[in-house]
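Taking it in order: structure first as structure tokens, then the write-up.
Computed from the coordinates by the stated procedures, all read-outs in this text should not be read as laboratory data. Since this is a predicted model, take the numbers as computed values, not measurements. When we count neighbours, we look across all protein chains shown, and the Cβ atoms used for this are built from the backbone with ideal geometry, even at glycine.
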Amino acid sequence: MRVAAVCAVAFLAVGVPSAMSAPPEQWDEYFVDAQGDSAAAPDLETLTTGMADDGMAHFSVYTRIPSTDTKSTVIVYLDTDHSAATGDSAYAGADYSFLLFQGGRSLDFERWNAGRWVSATAPPGSWWSYRSPYLFVTISRASLGNASAVNVIAESTLGAQHDRIPDTGTVHYNLTPLALTVSSFHVTRSTRHARLELAAMRSDTGGPFDVASPYCHGRVGGKVVFATTFGDPKKDRPAFCSWTFANALVGKKARLTITFVYAGRKASRSVSLTVR
Ligand SMILES: [Ca+2]
Ligand SMILES: [Ca+2]
């Protein structure tokens, strides 16, 4: 636990997401915590980490803080060099932190320096705000030493009472630009039927892509033929596009494509075949 009173240097929260024009493509990850597990400290419910194509990292904590609370803190800790040997050992080696102190609802940016947390200059373009129930933090990757990834912890504290996301360990989030990589592609065929299956990995989480439906595109003999059915990708199952062709199309050349589009990224595979 940290002594909030020494950290209560107020920063103005500047800008809100809705005020940005032409927002860049952004992708997010959500981590959900139990509700009602914080005793008297603010109950943390979700932690969202995200990156946008303009190089800004976003962190938000969903926590409903009573307006009568003047003593608690909510802190987002970032270990930007993935080293527990640097930074605050009580928080898995966190090197930077964002602190919301309910006394005056002040916000502070701090870095670990010579064995303690000290207030640091707010990096250009960064902003903080608390608008119940969201604590928002935005900071550029450049301000975090161009970190390729961060380990994140959010914690609320009131006296000896706490809530934390995650309950143990850290949330690992990749800050390098998102890429989608095809991990499997299969074509199965039978009489007047073809099925394309596609799975992809996302670079930010290292996990399977399972957040958007596939686009299915088919042309036979130069004309568009809509897929008969499709299926969304799941963690353990590829997405699919499936076509059943009319008798009149037997013998014609077909070009079939299955595509994921997400946050301006694309993963796609096509096949050419003759309908039989
Ligand atoms: Ca909680
Ligand atoms: Ca560290």
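Of 257, 165, 273, which is farthest towards the positive pole of the range 145-276's charge dipole, taken about the Cα centre with +1 and -1 on the beta-carbons of Lys, Arg and Asp, Glu respectively?
It is 273, whose Cα lies furthest towards the positive end.
Can you list the lysines whose alpha carbon sits under 21 Å from that of residue 235, skipping same-chain ones fewer than 8 residues off?
266
Could you give the length gained by full extension between residue 89 and residue 232, i.e. 0.36 nm per residue of separation minus their alpha carbon distance, to one decimal place?
Numbers: separation 143, 0.36 × 143 = 51.48 nm, distance 4.20 nm.
That works out to 47.3 nm of additional length.
List the lysines whose Cα lies under 19 Å from the Cα of residue 223, skipping any in the same chain that are fewer than 8 positions away.
Result set, ordered by chain and number: 252, 253.
Can you give the FRET efficiency to the nearest 0.05 for residue 244 and residue 32, using r as the Cβ-Cβ distance and R₀ = 45 Å? Provide the component values of the computation, followed by the final result.
Values: r = 40 Å, r/R0 = 0.89.
Once the sixth-power term is evaluated, E becomes 0.65.
How big is the charge dipole of the chain about its Cα centre, in debye rounded to the nearest 20, if each Lys and Arg gets +1 on its Cβ and each Asp and Glu gets -1 on its Cβ?
So the magnitude is around 2020 debye.
Kindly write out, for the range 129-135 in residue order, the coupling ³J(HN,Hα) from the Karplus curve 6.51 cos²θ - 1.76 cosθ + 1.60 (θ = phi - 60°), rounded to whole Hz, with x marking Gly and Pro.
Here the 3J(HN,Hα) series is 7, 10, 10, 3, x, 10, 8 Hz.
When the dipole is taken about the Cα centre of the range 180-239, and only Lys, Arg (+1) and Asp, Glu (-1) are charged at their Cβ, what size is it in debye, to the nearest 20?
Roughly 360 debye, rounded to the nearest 20.
Using +1 at the C-beta of Lys and Arg and -1 at the C-beta of Asp and Glu, which of 94, 126, 218 has the Cα lying farthest in the positive direction of the dipole of the chain?
About the Cα centre, the residue reaching furthest to the positive side is 218.
Please compute the length gained on full extension between residue 134 and residue 70, using 0.36 nm multiplied by the number of residues separating them and subtracting their Cα-Cα distance. If you can, show how the numbers build up before the last one.
Working: separation 64, 0.36 × 64 = 23.04 nm, distance 1.70 nm.
This chain segment gains 21.3 nm when fully extended.
Between residue 172 and residue 192, what is 0.36 nm times their sequence separation minus the Cα-Cα distance? Round to one decimal in nm.
Taking residue 172 through residue 192 to full extension adds about 2.6 nm, to one decimal.
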